[in-house]
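The values are calculated or read from the model by the stated rules, or taken from the named source; none is laboratory data. The model shown is predicted, which means the values in this text are computed figures rather than measured ones. Virtual Cβ from ideal backbone geometry, glycine too; neighbours counted across all protein chains shown.
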Amino acid sequence: MSHLAVHTRTAPAGPVVELTGELDHASFSQVRDLLPRLTLPAGRRLVIDLTGVTFCDSSGITALIAARNHALAAEADIALAGVPDHIGRIFRIVGLDQVFPMYPTAQAADTAWTS
């Protein structure tokens, strides 16, 4: 069974969701179920920090698309941060690098939004 730890915090740009572990069929609902509970004002940025993610399958990608849809519905922005190389390769293959702005760290994503 996979394990995913989900932590949220607030940065100047908006909420940061930090994920650690496997983002897959067994765990993606943790992210999907969190979205309606996030306070995401219009004009802010939701950052999904993937620094600690060790594996991401198509269900994990679905959770990220759901997060994007949630942000867009709130008239907010979304960015991914700390995408590990092995996951970034998959994202490039399926074209997610064209859908999500990606930053090396959550702080860089926050700074880019606020500047």
Residues of the stretch 97-106 being free of Cβ contacts under 8 Å to residues at least 24 places away in the same chain and part of a helix (DSSP H, G or I), in sequence order, are D97, Q98
Determine whether the stretch 40-55 contains at least one residue that is crowded, with 16+ Cβ neighbours inside 10 Å and in a helix (DSSP H, G or I).
-> no
Taking the stretch 92-115 on its own, how many of its residues are farther than 17 Å from E18 by Cβ and touching a Leu at 6+ places or on another chain (Cβ under 8 Å)?
-> 2
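Residues of the stretch 13-43 being among the polar types (S, T, N, Q), more than 13 Å from the chain's Cα centre (by Cα) and closer than 19 Å to V83 by Cβ, which ones?
Listed by number, the list holds a single entry, S27.
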Of the conditions (1) surrounded by 15 or more Cβ atoms within 10 Å (Cβ to Cβ); (2) hydroxyl-bearing (S, T, Y); (3) under 15 Å from P15 (Cβ atoms), S59 clears all except one; give me its number.
-> (3)
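If you scan the stretch 46-55, which residues turn out to be closer than 19 Å to T8 by Cα and over 11 Å from the mean Cα position of the chain (by Cα)?
Passing the criteria: G52, T54.
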Take P104 and decide whether it is over 12 Å from the mean Cα position of the chain (by Cα), surrounded by fewer than 18 Cβ atoms within 10 Å (Cβ to Cβ) and modelled with pLDDT of 95 or more.
-> yes
Out of the stretch 22-39, which residues are part of a strand (DSSP E or B) and touching a Gly at 6+ places or on another chain (Cβ under 7 Å)?
-> L23
Just a yes or no: is a residue in the stretch 38-54 more than 17 Å from D110 (Cα to Cα) and free of Cβ contacts under 8 Å to residues at least 12 places away in the same chain?
-> no
Got a number for residues in the stretch 8-46 being among the small types (G, A, S) and in contact with a helix residue (DSSP H, G or I) (Cβ under 6 Å, 6 or more places away or on another chain)?
-> 2
Hey, can you tell me all the residues within the stretch 71-96 that are out of contact with any Cys (no Cβ under 8 Å at 6 or more places or on another chain), surrounded by 15 or more Cβ atoms within 10 Å (Cβ to Cβ) and either part of a helix (DSSP H, G or I) or without any contact (Cβ under 8 Å) to a residue 12 or more places away in the chain (or both)?
-> A71, G88, F91, L96
